[in-house]
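The structure is given below, and queries will be raised subsequently.
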Amino acid sequence: MARVSQEHLDARRRQILDGAARCFSRNGFHATSMQDVLGEVGLSAGAVYRYFRSKEELIEAIAGETFAGVRAAFDEAARTTPPPLPDVLIARVLRGVFERQNPGIDGQMFARLIVQVWTETLRNERLARFLQDSYTGLRLAWARLADAYRESGAMADDVSGDDLARTLIATAQGFIAQHALFGGMKVEVMEDGVRGLMSMRRPEAG
């Protein structure tokens with residue numbers, strides 16, 4: 001029997017994940033069955049279950065890929081001197097997340113898929129642990145960038161790196177939530193808004 005190449009295995013896994021993401025974004029996680037996923041990707045149950053044994057494993061894999069893309073953007077920023085400022089970096093991260101979506105999912109549908117992942121943590125302890133670990137990793141990544149901002153003189157010394165991290169993560173989450181609920185959000189709008197906040201100065205006392 002001929003050996004199946006790793007390239008073929010990776011392509012099949014990609015096919016299944018993309019199909020599952022389309023199903024989840026259209027119908028919701030709980031309204032989607034594994035049979036729906038099989039029909040979407042046009043594969044047998046055996047072919048799909050070779051890679052993923054349940055919907056939970058599919059949603060965990062989708063979440064894992066999303067966070068991997070975010071982490072890669074932070075790793076790249078950490079290697080840049082001076083590092084990109086928050087307005088540029090948040091926009092870069094969000095563009096990377098939304099540009100990785102497959103052709104069958106528009107931006108709002110993908111944002112809704114992300115929100116579904118968040119809500120699924122309320123009942124899926126393994127996914128909750130994974131997201132908690134990922135969130136902690138993002139906080140540490142932002143905190144390291146905060147050190148670089150201080151060293152370059154871009155940020156005041158009395159600002160907590162963890163406070164900066166939590167605030168900017170919340171900004172990105174808010175963008176995703178708005179896009180999921182209302183649509184029409186553009187990364188450029190958030191980028192300009194963050195840049196506007198960064199440009200503010202306290203008025204001097206008269």
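Within segment 116-149, how many residues turn out to be among the acidic types (Asp, Glu) and closer than 29 Å to residue 88 by Cβ?
First, the residues of segment 116-149 that are among the acidic types (Asp, Glu): 120, 125, 133, 147.
Pick out the ones that are also closer than 29 Å to residue 88 by Cβ and you get 133, 147.
The qualifying residues number 2.
Hey, another quick one. Taking the condition of being at pLDDT 85 or above, in contact with a helix residue (DSSP H, G or I) (Cβ under 6 Å, 6 or more places away or on another chain) and of a type in the set (A, V, I, L, M), how many residues in segment 66-89 meet it?
Applying the first criterion (at pLDDT 85 or above) to segment 66-89 yields 83-89.
Checking which are in contact with a helix residue (DSSP H, G or I) (Cβ under 6 Å, 6 or more places away or on another chain) leaves us with 83-84, 86-87, 89.
Retained after the next criterion (residues that are of a type in the set (A, V, I, L, M)): 89.
The qualifying residues number 1.
Filter segment 114-148 for residues that are among the acidic types (Asp, Glu) and either surrounded by 16 or more Cβ atoms within 10 Å (Cβ to Cβ) or under 24 Å from residue 54 (Cβ atoms) (or both) and give the result. Break it down into steps so the answer makes sense when it comes.
So the first thing to find is which residues in segment 114-148 are among the acidic types (Asp, Glu), and the list is 120, 125, 133, 147.
Within segment 114-148, 120, 125, 133 qualify.
Which ones in segment 121-135 are under 19 Å from residue 169 (Cβ atoms) and touching a residue at least 40 places away in the same chain (Cβ under 8 Å)?
127, 130, 131, 134
With under 27 Å from residue 199 (Cβ atoms), touching a residue at least 40 places away in the same chain (Cβ under 8 Å) and small (Gly, Ala, Ser) as the only criterion, which of 156, 141 stands out? Break it down into steps so the answer makes sense when it comes.
Numbers: 156 fails: touching a residue at least 40 places away in the same chain (Cβ under 8 Å).
Criteria check complete, one pass: 141.
Please pick out the residue among 193, 174, 184 that is surrounded by 13 or more Cβ atoms within 10 Å (Cβ to Cβ) and either modelled with pLDDT of 90 or more or out of contact with any Ser or Thr (no Cβ under 9 Å at 6 or more places or on another chain) (or both). Before the answer, list the steps.
On the way: 174 fails: surrounded by 13 or more Cβ atoms within 10 Å (Cβ to Cβ); 184 fails: surrounded by 13 or more Cβ atoms within 10 Å (Cβ to Cβ).
It is 193.
Keeping to segment 82-113, report how many residues are assigned to a loop (DSSP other than H, G, I, E, B) and either buried (at least 19 other Cβ atoms within 10 Å of the Cβ) or in contact (Cβ under 8 Å) with a residue 24 or more places away in the chain (or both).
Taking segment 82-113 and keeping what is assigned to a loop (DSSP other than H, G, I, E, B), we get 82-85, 100-106.
Okay, now just the ones that are also either buried (at least 19 other Cβ atoms within 10 Å of the Cβ) or in contact (Cβ under 8 Å) with a residue 24 or more places away in the chain (or both), so 82-83, 85, 100-102, 104-105.
Here the count works out to 8.
Further question on the same structure: So residue 15 fits all but one of (1) open to solvent by 50 Å² or more (accessible area, probe 1.4 Å); (2) modelled with pLDDT under 90; (3) over 25 Å from residue 121 (Cβ atoms); what number is the exception?
(2)
Ok, one more. So, residue 172, is that one part of a loop (DSSP other than H, G, I, E, B) and touching a residue at least 40 places away in the same chain (Cβ under 8 Å) or not? Spell out the reasoning first.
Numbers: part of a loop (DSSP other than H, G, I, E, B): no; touching a residue at least 40 places away in the same chain (Cβ under 8 Å): yes.
When the stated conditions are applied, residue 172 does not pass them.
Looking at (1) more than 25 Å from residue 131 (Cβ to Cβ); (2) open to solvent by 50 Å² or more (accessible area, probe 1.4 Å), which one does residue 41 not meet, given that it meets all the others?
Among (1) more than 25 Å from residue 131 (Cβ to Cβ); (2) open to solvent by 50 Å² or more (accessible area, probe 1.4 Å), the lone unmet condition for residue 41 is (2).
Checking residue 35 against (1) under 30 Å from residue 171 (Cα atoms); (2) open to solvent by 40 Å² or more (accessible area, probe 1.4 Å), which test does it fail?
Failing condition for residue 35: (1).
If residue 63 passes every condition in (1) in contact with a Gly (Cβ under 9 Å, 6 or more places away or on another chain); (2) modelled with pLDDT under 90; (3) surrounded by 19 or more Cβ atoms within 10 Å (Cβ to Cβ) but one, which one does it miss?
(1)
The values are calculated or read from the model by the stated rules, or taken from the named source; none is laboratory data. The structure presented is a predicted model; accordingly, all values stated were derived computationally and were not measured. When we count neighbours, we look across all protein chains shown, and the Cβ atoms used for this are built from the backbone with ideal geometry, even at glycine. The protein model used for the area step is the full one, side chains on, heavy atoms only, and it has no ligands, DNA or RNA in it. Shrake-Rupley method; radii C 1.70, N 1.55, O 1.52, S 1.80 Å.
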